Structure formats: structure tokens, C-alpha cells
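The values are calculated or read from the model by the stated rules, or taken from the named source; none is laboratory data. Every value quoted in this text rests on a predicted model; they were computed, and no experiment measured them. No Cβ is skipped: glycine too gets one built from the backbone with ideal geometry, and neighbour counts run over all protein chains shown. The accessibility values were calculated without ligands, DNA or RNA, using every heavy atom of the protein model including side chains. Shrake-Rupley method; radii C 1.70, N 1.55, O 1.52, S 1.80 Å.
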Amino acid sequence: MMIRMNWKYGTAVAAMAAMMTGSVMQASQLSGDARSSIPKDVQQIIVVDYKAMQNSPAAMQLKDRVLPPELKRLETALKTSGLNVDQDAETLAFAAYKAPASSTSSGAATTPAAKGEAAASGGTRIIGVAQGQFQTSAILAKFAKDKVKPVKYRNNDIYPMGSAGMSVAFLNQTTMVFGDREAVKNALDSRDGLTPNFLQNSDMMNSMTAVDSKSVWSLLDQNGTQTMMKGVLGQASQLADYDTVKNRMTNARYTMDFSNGVRFNLTVVMSDSTTAAMAATLMKGVEMMKKSSGSPIEKSAMDGTTIDSNSGTLSVEYTSSDSQFASLLGSPLFQSVVK
């Protein structure tokens, strides 16, 4: 499963998928309120079945290895806020998005380059959305008892979550949004129709129909797809053919399933069938190289990987048993692709 794990664009968020998935396979679909609370310019979104979280040892091992700091921070804030997410949450989504240019950059940019980008475009932020049967009356009563005072934002109340600098707002009794305060404000602006939202992102919405019947799914935009594939291909991305392939990538989507071993499916949409075939050839070349030079565990991983192209799409499927996957987690191959 040669996937470079990087939150902004790659399938590192597969770690979050792994953390949240397990043996019970249910569709992880977002409600209309949840979709409308996600800003339009999504770079990557992942949606997972939270109820089955603890049921897969392989999933938990993957989570422990590669959960990105940004998601770990959100996870910790949510669990320490007194919201009973383990009991009440049914679906959890994380979206990395390009914030509106008018947004402040609090929590969005930490490097000089990123701050410069934030000044021009609003930067990149992460918003979390949780769906479930939340005991909102009890939660608000606990907030009041603990003297947690909300920040008023139009008709919305934004509550701080502990000392991590995170905030949460309830859209209704079944949906909440959480993240840094500016991200929550962006979500409320989107939900209230003041800024464009995910429902207006036709490319993402069209792609979503192919995956949202799964328990774990993710979508990446064009830039995210290009960055992910560069990591997947490694040295092969330096070949002249890659520039041709890169410029004709449209978007990508993937699903993960831990109900019977480990199954990972990735689809990359290209502009034409010829480019998809070229991308498949490049990936098969990388696969052959790993088979010839890798350890027995890595060679086994390559044997469990199928690469193909059809009708303008590149498809990659990886399958293994739980024990094989556990062995792969400690291999040099895995370490090289989770950087």
C-alpha cells in the first residue's frame, strides 16, 4: 500500500480512517447540515464510521503509527471536552479546506511562508464534523456548571473545549462542528449561507456518490491528488512521463475496510484513458522495483497490490490479513511512505 501519509493532501488521513473503522460495516454519510457546514474549497475530506472504532487491532496499530499531529490535537480536544463522543458519535468527518481570504489566520499558519499565504488567501484549515445522538441539554448544563462561557457569533454559540485552543458549536441535536475558533466560524458562515459551502463543490459532490455508501471514504482535489501521487511514485515522479500524467490528474478518492483483514481501494481520475494507462505503467514500474529489492514482507505487500486502469481512471487495490498488515507496519517500505 504505497501511500505517502501527509494530512494536507495524501492519505495520511487513512490513519484517521483506520482509527475510526472496524468490523461493523455501515455507510458513513453526511447529512445536509453537515455538508453545508464544510467550506466549498475542500482539499481533502475523510468521513468514517466512528461506532466501530475499537474493533480492529490493525486499524488501531495504523492509527498509533501515523495519526497526524493536527488530527491528534482535534481528537484529544474532543475526547477531553466532556462530550461523550465515544458513546454518542456515529459519524466523524475531517476536512482540510482553503479558508476564505477574508478570514483571519488564527491557528491556520505557523511558518513565515504559510503566514504569507494566509494573508493572501486565508490559508489552509481543518474542520471536524461529528454526527450522532448528542445529549445537548446535558452537555450545555455541564458547560454552565463548569462556567464555560460561549462566544456569540451571530445567533450561534461557540464553546471553548478545554485548554487545547479548540472550540465547538452545535448545529442541531445531531450535528456539531469543532476545530480552532476561526475554523468553526468558517463552518458557521458556510452553513448560514454567507460563504460558499461543500454542497456547491460540484466536482467533490459528484465524486462523493461513488464512495459515500462505504464505512470509510475520502476525497482529494486536483492539487492534493498531484501531491499524493508524487509521494506514491517516489523516484519515478522525476521521469519526464510524470509531468504529462501530473497535469492531467483531476481528483482522487479512496476507501478503507478492516472488516475482514485490510482492504484499501484508491481511484485516481485522469483527463483521458491514455494518461490513466501511463500512470498505471509508472506505478507498475515502482511495484516491480520494490518486488526486486524489498524484504520478504515488502514483497508480500506488493503481491497484495493490484494496479489497473480503465475508462480514464487509475485504480489501486491493496489487500492483506491483519497479521500481514501488522508486520508491514514495521517495515522500511512502510516507514518510507509515511514520512
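A few comments on the model shown:
- Residue match in region 319-327 (condition: under 17 Å from Val232 (Cα atoms) and over 22 Å from the mean Cα position of the chain (by Cα)): no
- Scanning region 191-241 for residues that are in a helix (DSSP H, G or I), touching a Leu at 6+ places or on another chain (Cβ under 8 Å) and exposed (fewer than 15 other Cβ atoms within 10 Å of the Cβ) turns up just one, Met205.
- Looking only at region 288-302, and only at residues there that are open to solvent by 40 Å² or more (accessible area, probe 1.4 Å) and in contact with a Lys or Arg (Cβ under 8 Å, 6 or more places away or on another chain), the one that is nearest to Met256 (Cα to Cα): Lys299
- Pairs where the first residue, in region 142-155, is part of a strand (DSSP E or B) and the second is modelled with pLDDT of 90 or more and β-branched (Val, Ile, Thr), C-beta under 9 Å, 6+ apart: Val151/Ile158; Lys152/Ile158; Tyr153/Val184
- Selection count where residues are open to solvent by 70 Å² or more (accessible area, probe 1.4 Å), assigned to a helix (DSSP H, G or I) and touching a helix residue (DSSP H, G or I) at 6+ places or on another chain (Cβ under 8 Å), scope region 242-254: 1
- Verdict on Met283 being open to solvent by 80 Å² or more (accessible area, probe 1.4 Å), aliphatic (A, V, I, L, M) and either in a helix (DSSP H, G or I) or modelled with pLDDT of 85 or more (or both): no
- Residue within region 303-322 that is surrounded by fewer than 19 Cβ atoms within 10 Å (Cβ to Cβ), farther than 30 Å from Tyr50 by Cα and among the polar types (S, T, N, Q) present: yes
- Count - residues of region 228-238 that are over 26 Å from Ser320 (Cα atoms) and in contact with a helix residue (DSSP H, G or I) (Cβ under 7 Å, 6 or more places away or on another chain): 1
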